[in-house]
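Report on the following structure.
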Amino acid sequence: MNIVQTVGERIVENVAQVIIGKRNEIRLTVLGLLCQGHILIEDVPGVGKTMMARALARSIGASFSRIQFTPDMLPSDVTGVSVFNQLTREFEFRPGPIMSQIVLTDEINRATPKTQAALLEAMEERQVTVDGNTYMLEEPFLVIATQNPIEYEGTFPLPEAQLDRFMLRIRLGYPNPQEEIAMLDSQQYEHPLHSLKQVVSVDDLLAAQRAVREVYLNHDIKNYIVNLVTTTRQHPDVYLGASPRGALALYRAAQARAALVGRDYVIPDDIKALAEATLAHRIIVGPNARIKDISASSIIHSILNTVPVPGATVGARY
């Protein structure tokens, strides 16, 4: 697990030079990168969502592209388009911005459902099909999407199928006064992103991603994950519970969290720490619960307080 710790902590420390005071949120983003999961950052404008993605790409030396979604954007603006070359008398594929390793889809809920759907194949199969031809995406491939949870005018809420493809949902929040002063000081002369260096190679990251898959989960831990997910489907305040993909997301994220702290096995604390980030955005709260202002996050916390935690033997291999 040394490779995961080394790679993960180097990226966290590097990104923390740009995103001040949000170390836990940075670690969650790095967890998503380590377990090859896409990330939805839901927060108000100006808190550093775009800078987070740019700093992450620069830290690993990956190619980066930014897609600013608008209502008039077409699917071909995302995936690319085939153009007829009059010299060769053949169609040539002009790749779109999705053909990068780190892709920031800014204000994803401003695009129409048709354009949002252009991301589905890329996020799940890590490939793009244009005019019957399939193009594989280069590893590592990570989509970081942002949306404003406050302003809904002129937006198209993400459908359940789209939300389900995001492994983690993160909120950055405002910095405290001391952190905001530190941010002002750090940008007195230039933005710290301009001097940010690459700290790990893409090959190192790919090796760390493979090592994460080796982290062991006891049968009791697997049962705990399944019980949590099953309870979301049976909860009286929930209209639609978490999917099996949600259980797999929690499984993978827990592996990455354990490896990041130097363990080769998962404990219940890993599951509890990641349950909200991996499951809350997959839950549709029932109409009666919405009237009472009950959120998906509060439902997850209530489930964590009711589902029995496995015993102390979960760390044992046999």
Hydrodynamic calc, segment 47-174: Kirkwood Rh from Cα pairs, then Stokes-Einstein at 37 °C with viscosity 0.692 mPa s, so D in µm² s⁻¹ is 211
The computed P(r) of the chain puts the percent of Cα pairs beyond 36 Å at 20
Output for segment 98-150 (equivalent-ellipsoid semi-axes, sqrt of 5λ from the C-alpha gyration tensor, Å, descending) is 21, 14, 7
Computed over segment 99-252, the convex hull of the Cα set has an average projected area, in nm², of 14.2
Semi-axes (Å, rounded, descending) of the ellipsoid equivalent to segment 8-113 per its C-alpha gyration tensor are 32, 17, 10
Once the in-chain neighbours fewer than 8 apart are removed, the lysines whose Cα is under 16 Å from Lys222 read Lys272
Partner lysines whose C-alpha sits under 19 Å from that of Lys22, ignoring same-chain residues fewer than 8 away, are Lys49
Computed, not fitted: 222 nm per-residue ellipticity of the chain from DSSP H runs ≥ 4 (each -39500 (n - 2.57)), nearest 500, equal to -13500 deg cm²/dmol
Quick calc, segment 215-315, dipole around Cα centre from Cβ unit charges on Lys, Arg (+) and Asp, Glu (-), nearest 20 debye, gives 240
Of the convex hull drawn through the C-alpha atoms of segment 215-315, the volume per residue in Å³ is 82
Along the dipole axis of segment 2-211 (charges at Cβ: +1 for Lys and Arg, -1 for Asp and Glu; origin at the Cα centre), the most positive-end residue among Gln68, Gln209, Gly48 is Gln209
So, relative contact order of the chain in percent, Cα under 8 Å, 6 or more apart, is 23
Highest GNM mean-square fluctuation among Tyr135, Tyr189, Tyr224, for the chain with Cα springs under 10 Å, belongs to Tyr189
Taking Cα pairs closer than 8 Å and at least 6 residues apart, the relative contact order of segment 215-315 in percent is 37
Given unit charges at Cβ for Lys, Arg (+) and Asp, Glu (-), the dipole magnitude of segment 1-157 about its Cα centre in debye, nearest 20, is 460
Net charge (Lys, Arg +1; Asp, Glu -1) of residues whose beta-carbon lies under 14 Å from that of Ile60, Ile60 excluded, is -2
Between the residues Leu172, Pro140, Thr129, the Cα farthest towards the positive end of the dipole of segment 2-211, that dipole coming from +1 and -1 charges on the beta-carbon of Lys, Arg, Asp and Glu, is from Pro140
One finds the C-alpha centres of segment 1-62 and segment 108-163 to be spaced, in Å, by 20
Bridge orientation stat for segment 2-211 from DSSP, antiparallel percent rounded to 5, came to 35
Here the net charge surrounding Glu139, from other residues whose Cβ is less than 12 Å away from its Cβ (Lys, Arg +1; Asp, Glu -1), is 0
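Using a simple charge model, +1 on the beta-carbon of Lys and Arg, -1 on the beta-carbon of Asp and Glu, nothing else, what dipole does segment 109-236 show about its Cα centre, in debye to the nearest 20? Please report the intermediate quantities before stating the final value.
Details: 11 positive and 18 negative charges, 84 e Å.
The dipole of segment 109-236 has a size of about 400 debye.
We did not get these values from a lab; they are worked out from the coordinates using the rules stated. Only a predicted model underlies this, so the values are computations on that prediction, with no experimental measurement involved. Note that we place each Cβ from the backbone using ideal geometry, even for glycine, and neighbour counts take in every protein chain shown.
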